Amino acid sequence: MRIAANVGACQGYGNCAALDPHHFDVDDDGLVIVLRDSVLDGELETAAAAVRSCPVAVLELLEDGN
Amino acid sequence: MATDRVVIAGTSIAGVRTAQALRAEGYQGEIVMIGAESVDPYDKPPLSKQFLSGENDFSDIALLGSAGWAGIEAVPLLGRAATSLDVARKEVVLADNERVSYNHLVIATGARARTLLDPNGSPVAQTIRDVQDAVALRERISRGGPVVVVGGGFVGAEVASTASQLGAATTIVEAMPVPFSRVLGPQVGEILSALHQDNAVKVIAGVGVDSVVPGADGTSRVHLANGTTLEAAAVVAGIGVIPNSEWLEGSGVAVRDGVICDEYCAVDGAADVYAIGDVARWRHLPTGEYRRVEHWTNAVDQASTVAHNILHASEKKAYAAAPYFWSDQHGTKIQMVGDISPTDHVELHTFRVLAADRRIAVYSQNGRLTAGVALGWPRGMVLMRKLWERNASAAEAVAELEMLAHNAVRARVVPA
């Protein structure tokens, strides 16, 4: 799986970075930074929780190749 | 039972995220979702902000996305509140007496707004808890005239911010000497009070409301304890919530200002029953206290925890996430992590980052970080949450925030 982010719609709530700091950070003005977009099998539960934790639904988990 | 069935009572964020988490973890059984409201699930934080202002419509705040119920393969039972629970037969009873059996039940029935009542017990203020409330309040504000918000908490403050943005003369009335001080302490409370006053919201603090008297024309008079009377086209109560747990009375489930559950969100007094979100009072492992938290992030994180615990009974996870919430008022993002106590030592710091002042309040007890509040610095808050989770000292926190401020970053926005 891989992570896609609609960065411009991010509001900087930071839940993704709190739950999954290996994949997410936010910048000073509160826009998400995807540190690494590939999600390994063992990382999936945490990454999926981080995606669900976005209050403005700017994150998505996509199948590889999409 | 041949088919496994998870029943979720509640179709707001906690319930919906539970269903999504179960599917994301590969759960193949049935999911039945019981909702007291007849509309599809929607997100509540925008009700006092973008939805109240009219910037968002219902489709913007819908929680299920374009795939709807099929996207989470759940059966909705909407407009049919759960009215009782039979833990022996493992059945939820609905208002029309239909019984819905479960293998696992997740109680996510949330909370409802308290309001102001006249001596006869009739409501004399509007609240903002569901979409109908927000539509009614928007309509009332759009007719013009002053708005009076009773209660200086976050929802009330957001309504005041939005009403003011819509052009209404707006007043917040708070019984405590400093608004927001119950949650944030007096220092940060003063900053937020000033933020409202700088944005044309009048703040009357340290004064209670004696009565609200509705007039024949739809306006009201708000009589304050100091003898002042405020005219209002709309009176909004922001005075807290009551957990929706009455339906569990007599079921054997323990309820004390919330449904009592352990650190796994498993309910005391019933097998295979969990409680999450605003209705749950769960055991906080580090302190042993039972806590009920009314924040969006708490509901979402507990949904993930419960989905995991339903599917991995032998590897349960305790819920112990850092308490976190946000509020948006007058264009300023306010974020908080931790537990604030009135005896905390509070340091206010301002950092200049990317041409803007970023304020952070660092709360501590005996030098140990207890909480942090960031005003307009989301990245600083991400660091504060990490510092809080590793039980850092206040001095470490300030040093690391200074380093962060010296290494500003800006995300790359790639056009879609």
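The values are calculated or read from the model by the stated rules, or taken from the named source; none is laboratory data. Since the structure is predicted, the reported quantities are computational estimates derived from the model, not experimental observations. Every residue, glycine as well, gets a Cβ built from its backbone with ideal geometry; the counts of neighbours run over all protein chains shown. With ligands, DNA and RNA removed, areas are computed over all heavy atoms of the protein, side chains included. Shrake-Rupley method; radii C 1.70, N 1.55, O 1.52, S 1.80 Å.
Among the residues of the stretch B:1-23, just one is free of Cβ contacts under 8 Å to residues at least 40 places away in the same chain and closer than 16 Å to residue B:311 by Cβ, namely B:3.
Checking B:238, B:277 one by one, the residue that is within 19 Å of residue B:180 (Cα to Cα) and either modelled with pLDDT of 95 or more or open to solvent by less than 40 Å² (accessible area, probe 1.4 Å) (or both) is B:238 and no other.
When each of B:298, B:309 is tested for being within 14 Å of chain A (Cβ to nearest Cβ), surrounded by 16 or more Cβ atoms within 10 Å (Cβ to Cβ), over 21 Å from the mean Cα position of the chain (by Cα) and not β-branched (Val, Ile, Thr), the lone residue that passes is B:309.
Number of residues in the stretch A:10-23 that are within 23 Å of residue B:45 (Cβ to Cβ), at the interface with chain B (Cβ under 8 Å from one of its Cβ atoms) and assigned to a loop (DSSP other than H, G, I, E, B) equals 5. Counting only helices (runs of 4 or more DSSP H) wholly contained in the stretch B:52-170, the ones carrying 1 or more residues that are of a type in the set (Ser, Thr, Tyr) and open to solvent by less than 50 Å² (accessible area, probe 1.4 Å) occupy B:154-165.
Condition check ((1) crowded, with 17+ Cβ neighbours inside 10 Å; (2) in a loop (DSSP other than H, G, I, E, B); (3) touching a Cys at 6+ places or on another chain (Cβ under 8 Å); (4) more than 9 Å from every other protein chain (Cβ to nearest Cβ)) across all residues:
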{"position": "A:8", "(1), (2), (3), (4)": "no, no, no, no"}
{"position": "A:25", "(1), (2), (3), (4)": "yes, no, no, no"}
{"position": "A:36", "(1), (2), (3), (4)": "no, yes, no, yes"}
{"position": "A:42", "(1), (2), (3), (4)": "no, no, no, yes"}
{"position": "A:48", "(1), (2), (3), (4)": "yes, no, no, no"}
{"position": "A:60", "(1), (2), (3), (4)": "no, no, no, yes"}
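Taking the condition in a helix (DSSP H, G or I), open to solvent by less than 50 Å² (accessible area, probe 1.4 Å) and hydrophobic (A, V, I, L, M, F, W, C), does residue A:4 pass? No: the conditions fail for residue A:4.
Residue B:338 falls short on exactly one of the conditions (1) within 24 Å of residue B:195 (Cα to Cα); (2) crowded, with 19+ Cβ neighbours inside 10 Å; (3) more than 14 Å from every other protein chain (Cβ to nearest Cβ), and that condition is (3). Under the condition of being assigned to a helix (DSSP H, G or I), under 25 Å from residue B:223 (Cα atoms) and open to solvent by less than 30 Å² (accessible area, probe 1.4 Å), the residues counted in the stretch B:173-198 number 5. You will find that of B:412, B:352, B:379, B:385, the residue that is open to solvent by less than 50 Å² (accessible area, probe 1.4 Å), farther than 30 Å from residue B:261 by Cβ, within 11 Å of chain A (Cβ to nearest Cβ) and of a type in the set (Lys, Arg) is B:379 and no other.
For the stretch B:253-286, name all the residues that are part of a strand (DSSP E or B), of a type outside the set (D, E, K, R) and under 19 Å from residue B:241 (Cα atoms).
If we filter the stretch B:253-286 for residues that are part of a strand (DSSP E or B), which is where we start, we get B:255, B:259-261, B:266-267, B:273-275, B:280-283.
Subsequent filtering for residues that are of a type outside the set (D, E, K, R) retains B:255, B:259-261, B:266-267, B:273-275, B:280, B:282.
The answer is B:255, B:259, B:260, B:275, B:280, B:282.
When the residues of the stretch B:200-235 are filtered to those that are under 29 Å from the mean Cα position of the chain (by Cα) and at positive phi, the one that is most open to solvent (accessible area, probe 1.4 Å) is B:200. Evaluated against (1) in a helix (DSSP H, G or I); (2) under 30 Å from residue B:159 (Cα atoms); (3) within 13 Å of another protein chain (Cβ to nearest Cβ), residue B:23 falls short on exactly one condition, (2).
Hey, among B:324, B:363, B:319, which residue is within 11 Å of chain A (Cβ to nearest Cβ), of a type in the set (Phe, Trp, Tyr) and crowded, with 19+ Cβ neighbours inside 10 Å? Break it down stepwise before answering.
Values: B:363 fails: within 11 Å of chain A (Cβ to nearest Cβ); B:319 fails: within 11 Å of chain A (Cβ to nearest Cβ).
It is B:324.
Evaluated against (1) at the interface with chain B (Cβ under 7 Å from one of its Cβ atoms); (2) touching a residue at least 40 places away in the same chain (Cβ under 8 Å), residue A:4 falls short on exactly one condition, (1).
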